[in-house]
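Structure record follows, encoded as structure tokens.
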Amino acid sequence: MSSTYAPRVGFDWRGFITPAVKLLVLICAGVFLVQTLVEIFLPPSATAWLIHWFGLVPLGPIPALRLWQPATYIFLHGGLGHLLINMLMLWMFGRELELVWGKKRFLNYFFICGVGAGIITILVKVTPMLWGRQPGNIPTIGASGAIFGILIANAILFPDRRIWLFPLPLTIPMRPFVAVMGAIEFFGTLGAGGDGVSHFCHLGGMLIGWLYLRRGSFLYRVRNEMADWRFERNRKKFQVYMKKSKDEPPSRPDSWVN
């Protein structure tokens, strides 16, 4: 008597989501859970305090010295739909980037684009003060600035990779797709923020990402100089270690380890 068993099909989560992307998704989901609990169990003033204290308020980081806002606003989101769209985009376009760059460099790039987009948003919103007007005080929240930086990186590194325009049965290369996304954000700025979307933040993330990756730019030189400095530091440490090991006498036979 014999029996036939169906072959087991394994699913490797490590290939489905990369470590840095998973870390960012968990942080954003955890922060959103805190936002939800605050909204449910505390009065509305608590939610307003949370958003104005950790969101990106144009004059927040300057007079109140809330210098953490260009970093903390990235992890706040305005609703479940906002969170899900951002995390889907992060997974779709960030996973491949992390596979090429590695976890550390991907996280550095994510935060450089996110913080840079926040700073650009502040500069744009305080510009009316030059004409004696009051800047807008609506907080900006969400990881979209950093994600648009990831989009521009994909357009530069994978320009011919094709994107499926769900739900349409159409695919287009990465570069024109990102160009269209940038054009939509640019024309969105002409609406003066009436749709509740911070288009300047999105464009700021794309600009910072492009400057960071463009050969010969200031951020490109800074990045390479930091890499050269770390390489030289590690080389000197290795030379000191080798010299020290060379000068030390060999250990006794009874201290050898197999």
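Laboratory data are not the source of any read-out in this text; all were calculated from the coordinates shown. Worth saying up front: this structure is predicted, and the values here are computed from it rather than measured.
Net length available on complete extension from residue 127 to residue 39 is 28.4 nm, with 0.36 nm assigned per residue and the Cα-Cα distance removed. Using the Karplus relation 6.51 cos²θ - 1.76 cosθ + 1.60 with θ = phi - 60°, the per-residue 3J(HN,Hα) values for the stretch 37-53 come to 5, 4, 5, 7, 9, 10, x, x, 4, 5, 5, 4, 4, 4, 5, 6, 8 Hz, with x marking Gly and Pro.
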